[in-house]
Every structure is written in structure tokens, then in C-alpha cells.
Amino acid sequence: MKKTWPLRALLHALALAVALLMAGPLLLMLMNSFKSGAELSAGHFMAWPQAFSAQAWREAWVLLHGSFASSLMLAVPAVLLSSLLAALNGFVLCKYRFRGEQWVSLLLIVAFFLPVKVYLLPLAISMAKLGLSKSLGLLIAIHVIYSLPLALFFRNHFLGFPDELLQAARLDGAGFWALFTRLVLPLSRPIFVVVIILQFTTLWNEYLFGLVFGPDEARPITAALAQLAAHSEGGVRAYNLEMAAALLAALPTLAVYLIAGRHFARGLVAGAVKG
């Protein structure tokens, strides 16, 4: 049905209102991050900066650059390993029949909805009994194991994968790994983009695992932000510094969405249709 111009104008106005509502707090943070501490102490949160200053951004970078690097060293390998493992598990769950298959799927669904707090105490006890100390490698392993339920995304995607194509490859002599690496993975790019974006955002913003199991000298960015919130000079909170640090910490996830956002929407639609 062809939309008339009043309806189109109303839709555009609603879209603009929602966009302003969502972007308003972000723009307010950005504006206040360029103000001086004295200006914010005077209560001028809603006013335009009297003089733009990047001092808060420079201080935030000095305080956070170590944790920034730690989060990157954690997120990149953990995202790649967990995504590949989830794709492999999802492929096996979808295309191969074995005893206990339904129970494995059920356990993954239950694990998907359990919060991080449920795992903290059992993990801490297990790590102590095994004699494992806090390290970045341990944190990566914990995140990879915790991300096993991501296999459900791939299982849903592989439901629409034609069995005839797999059978034809088997007749040509392809084994399990050849099927998976040369046929399945190249044709699964949309769902991979979805999982990588979701997993990177989750890992980058994760706090409890990093705080409990992360090494003291290389805490992730979220733990560093929490420490920064307690930072004050003369009993006055440095709001401009906190806002600059929060925006700085959000830049990697924003960059990932800007680069792969188009593929993200396409992958979600593909998964929804096949589900």
C-alpha cells in the first residue's frame, strides 16, 4: 500500500524523536566531557561548554590505556575461539545424530539463561583446587567455556543448510573437517558476523569475571572504569573525566557495529527466517 505524505511525515517524526531520545544521553556525556571540572562543579551540566578542553580525554587515556590493551588481548582471542567452537558444536548438534543429543541441547539452553553470578563461586573453588592463579589465559579459557551456548545460534542457522549439498560433498570424498572448513564455514558468514559482534560486545562490557579472575596488573576496561568512578580530587568527583573515560571505553564496540552493522542486520534476518 502506497504511503501518503502525512503518514510518511509522521513516521519520520517518530523516528527522529526516538533517535533523539536514544542519542540524547550520549550527546550530553560528550558535551560534558569537554568541560572543565570547575564548570561542572558549578552545576552547568546542561549548558554548552564555555571553553572546549580535551584535558579530561588525555587524563582518561593515561589512566585507562593499560586496561584498554588488556581488554583487547582478552576479547580478540576469546571471541575468535568461542565463535569457532560454537560453529563446530552447532554443526554437530544440527547435522549429526547421537545418544543424548536432546539433553545436550537442553543443557545449552539452560546455560544460556544462567547469569554470570551463578558460576563465580564454583569456578573460584575449582580454580583453587586445581592450583590455577589469576591470568589472562585463564580468563580467556573461562570466557570460551562460558560461551558454549552460542552453539544454539549456529544450530538454528544450520537448520536451513541443505543436506543434499553435504551429501554431494561426502560423495566427492570430503570428510568431517573438509566439510566443516571448506563448505560450512565459508557459507556461514552472516551468522558469524552476528555472533562475533554479540560476543565482542559481551566480553568488552563484562565485569565480574574480569574482576574476580583477571590478573591485578592487567584488569579489563570495565574493572578500571569502576575504580575510576571512585577517583576524586579534594572530595569532588571528576565527572568530565568519568564521562570521557566511559566514551573512550565504548569506542571499540561502536567501531565494530559501524564496520559490520550492515552484515549484523542481514545475519539476524537470515536466522529469523530459518528458525
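The values are calculated or read from the model by the stated rules, or taken from the named source; none is laboratory data. In this text, all values refer to a predicted model and were calculated from it rather than measured experimentally. Cβ atoms come from the backbone with ideal geometry, glycine included; neighbour counts cover every protein chain shown. SASA here: full protein model, heavy atoms, side chains in, ligands and nucleic acids out. Shrake-Rupley method; radii C 1.70, N 1.55, O 1.52, S 1.80 Å.
A Cβ distance below 7 Å, combined with a sequence gap of six or more or placement on separate chains, defines the contacts here; from segment 146-173, residues that are surrounded by 12 or more Cβ atoms within 10 Å (Cβ to Cβ) reach residues that are outside any helix (DSSP H, G or I) in the pairs N156/G275. Say whether the condition of being free of Cβ contacts under 8 Å to residues at least 60 places away in the same chain and closer than 20 Å to R237 by Cβ is met by at least one residue in segment 3-25. Yes, that holds for at least one residue.
Which helices (runs of 4 or more DSSP H) does segment 157-265 wholly contain that include 1 or more residues that are over 30 Å from V118 (Cβ atoms)?
Values: elements: 163-171, 189-205, 208-213, 221-229.
The qualifying helices (runs of 4 or more DSSP H) are 163-171, 189-205.
Condition (residue is open to solvent by 30 Å² or more (accessible area, probe 1.4 Å), hydroxyl-bearing (S, T, Y), closer than 30 Å to R182 by Cβ and in a helix (DSSP H, G or I)) applied to segment 110-125: is it met by at least one residue? No, segment 110-125 has no match at all. Residues in segment 90-100 include none that are open to solvent by 40 Å² or more (accessible area, probe 1.4 Å) and more than 30 Å from F180 (Cα to Cα). Of the residues in segment 198-208, not one is buried (at least 20 other Cβ atoms within 10 Å of the Cβ), touching a helix residue (DSSP H, G or I) at 6+ places or on another chain (Cβ under 9 Å) and among the β-branched types (V, I, T). Here is a check on your reading of the model: is Y207 under 30 Å from S36 (Cα atoms) and not acidic (D, E)? It is true that Y207 is under 30 Å from S36 (Cα atoms) and not acidic (D, E).
Take G175 and decide whether it is small (G, A, S), more than 30 Å from G37 (Cα to Cα) and at pLDDT below 85. In short, no. Considering (1) at pLDDT 85 or above; (2) surrounded by fewer than 12 Cβ atoms within 10 Å (Cβ to Cβ); (3) basic (K, R), the lone condition that K3 does not fulfil carries the number (1).
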